[in-house]
Amino acid sequence: MKHNEHLAGQSAVVVSGKALVARVNGRFYTPEFLGERLADLLIREVPTFARKKVRIIDPFCGDGRLIVAFLCLAASSPKFEAANFFVYLWDNDSTAVLLARERVEACAKKLMLHLKIQAESRDTFLREGGEEYDLLLTNPPWEALKPDRRELGQLTPEERATYVAALRSYDEQLARLLPESQPVKKFSGWGTNLSRCGLEFSIRLLSPSGWCGIILPSSLFSDQVSARFRRWLLNAAALRRLLTYPAEARLFEGVDQTCAAVIFERTPTAEFTPLISRFDAKRALICENRLELSRPELEQLGYAIPLDLAAEEIGLLLRLAHLPRVNDLCGKESHALWLGREWDETGYQKFTASEGTVPFVKGRTVLRYAVLSSFKEFVSDPTRQIPVSVAQTRLAWRDVSRRTQVRRMIATLVPPGCVTGNSLHVAYFKDGDTDKLHALLAIFNSLTFEFQLRSKLGTGHVSLGSVREVRVPGFDNPSMVTTLSSLTRRVLKCEAAAEAAVEAAVARAYGLTREDLSMQLRFFERLPKEFSAEILRFFDDEDRTH
């Protein structure tokens, strides 16, 4: 992966070669084992090439290691015994291109391969049209295209203005050349991600029935902002293989992110039957499953591919798809749900003190079902406007970044009169209905809610948009609201076994069977076994009651 190549080029123009931080100038090349695995996957998947001329390209070639890995394996594969390779190497780093050419030439000489090489140094993303290729192996840059405060802080005001304008111009060019890669929504005008751009560009380079092997962040297959892109992608090409590695595997030094090695075939197909392989932090295979989904099912999932879920677990997601989403509870009506954040807490020390009348609540204060009764920070700036939401009892939650944690979402209630920072999201019913709010707290803190939420999370951040898309039981059922709110109040009072009871009640509100609940509990591997058994006992007791 050439890390943020375009920014390196832009910064050189903007600030006359002045070095910025490593985010701009750094390079993260594909680990050798991953490059070899990707090449092996591609060779296993492609059909035998009967024709002699095979055009193969890496449009973000770096030092050429992916092409070299492929040629080393292809030399002994009967699928390519009659092939003459025409190799194309592109990168905007001229030094890297020269090195890539030398490495490929040395590899060809060692293996006695007949091939021709064309190597070019220019910005790959700005190429328009051209030839089509049979095979493509690459690892595009993964960077989000936006100014970074750390970089801007090293520039003069004039340099900052020029730099931001150059990025904006570049972003506009990418939007024109690669329209499908644009995010569902941009924030402050930014949101283009070069991994999406790199994948769209790569798919468009392929000839009909061409094949692509590519390294990507796993988040692309499930995050909310890529939903529209995935719809285009999975109709333009067939996903054949996907290997996913957790952030803890640390495949790239200094990059704490999930990673995927992926194979596509450039052919529109009604079938969606990729083979998904999951690996652990030690890069050992955990499981391998064939995922079979119809187009209507993909549509129900928002074209997201829940990489952490087995086929039967995805089946449970689909069975919940008839329920309303959290966002369906929101609206302009007086009884509707309001979701959002209250204050930006950047530099909060400047507007808080150890004493005052308006408590200030940050994310670290919030624990599951913990009653907030004492505060250490208070608003000290009387000029800051207090949000109207502060008058309400609110549900507040923070997120947990690690996917390995039992819970990614931690929620409780905050009392009226205190204001929250933006490390917390808050929710309340505009009519002040605390019964519904307590029921909602039970649902938000439940394993059934968490199970769904995890299928929508591509990164360590739990976005409000992801929460809005989770399915919830209908709040037009007074009995459900009464049951859940009563149990939630018992949990808030720390009554023994009340949390297990509310988990079982939420599962029933969702319409889960005992088999569904058992499967869901197995999904949460770090959940204490005693707690899981207690939930099932409450669920079974309710069965016997009925």
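Figures for the structure shown
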read-out: Contacts under 7 angstrom Cβ, first residue in segment 148-173 being in contact (Cβ under 8 Å) with a residue 60 or more places away in the chain and more than 19 Å from Ser188 (Cα to Cα), partner crowded, with 17+ Cβ neighbours inside 10 Å and among the hydroxyl-bearing types (Ser, Thr, Tyr), 6 or more apart; value: Leu155/Tyr163
read-out: Cys494 being among the hydrophobic types (A, V, I, L, M, F, W, C), assigned by TED's automatic domain parsing to the domain that holds Leu395 and either touching a Gly at 6+ places or on another chain (Cβ under 9 Å) or surrounded by fewer than 17 Cβ atoms within 10 Å (Cβ to Cβ) (or both); value: yes
read-out: Residue within segment 462-482 that is in contact with a Pro (Cβ under 8 Å, 6 or more places away or on another chain) and of a type in the set (Ser, Thr, Tyr) present; value: no
read-out: Whichever residue in segment 409-434 is within 18 Å of Leu484 (Cβ to Cβ) and within 33 Å of the chain's Cα centre (by Cα) and, among such residues, is modelled with the lowest pLDDT; value: Met409
read-out: Flag for Leu457 being assigned to a loop (DSSP other than H, G, I, E, B), closer than 23 Å to Met519 by Cβ and of a type in the set (A, V, I, L, M, F, W, C); value: yes
read-out: Check on Leu487, over 25 Å from Ser334 (Cβ atoms), more than 33 Å from the chain's Cα centre (by Cα) and in a helix (DSSP H, G or I); value: yes
read-out: Lone unmet requirement of (1) assigned to a helix (DSSP H, G or I); (2) over 25 Å from Gly340 (Cβ atoms) for Ala442; value: (2)
read-out: Flag for Lys332 being surrounded by fewer than 12 Cβ atoms within 10 Å (Cβ to Cβ) and within 30 Å of Ile386 (Cα to Cα); value: yes
read-out: Segment 497-517, residues that are of a type outside the set (D, E, K, R) and either surrounded by fewer than 15 Cβ atoms within 10 Å (Cβ to Cβ) or not assigned by TED's automatic domain parsing to the domain that holds Phe444 (or both); value: Ala497, Gly511, Thr513
read-out: Test: residue in segment 527-534 that is of a type in the set (S, T, N, Q), part of a helix (DSSP H, G or I), within 32 Å of the chain's Cα centre (by Cα) and surrounded by 15 or more Cβ atoms within 10 Å (Cβ to Cβ); value: yes
read-out: Ile117 vs. criteria touching an Asp or Glu at 6+ places or on another chain (Cβ under 9 Å) and in a helix (DSSP H, G or I); value: no
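Table: residues versus (1) closer than 30 Å to Thr357 by Cβ; (2) surrounded by 22 or more Cβ atoms within 10 Å (Cβ to Cβ); (3) hydroxyl-bearing (Ser, Thr, Tyr); (4) not assigned by TED's automatic domain parsing to the domain that holds Gly331.
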site: Ser389; (1), (2), (3), (4): yes, no, yes, no
site: Met409; (1), (2), (3), (4): no, yes, no, no
site: Leu424; (1), (2), (3), (4): yes, yes, no, no
site: Leu464; (1), (2), (3), (4): yes, no, no, no
site: Glu469; (1), (2), (3), (4): no, no, no, no
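The values are calculated or read from the model by the stated rules, or taken from the named source; none is laboratory data. A quick note: this is a predicted structure, and the numbers were derived from the prediction, not measured. Backbone-built Cβ (ideal geometry, glycine too); neighbour counts: all protein chains shown.
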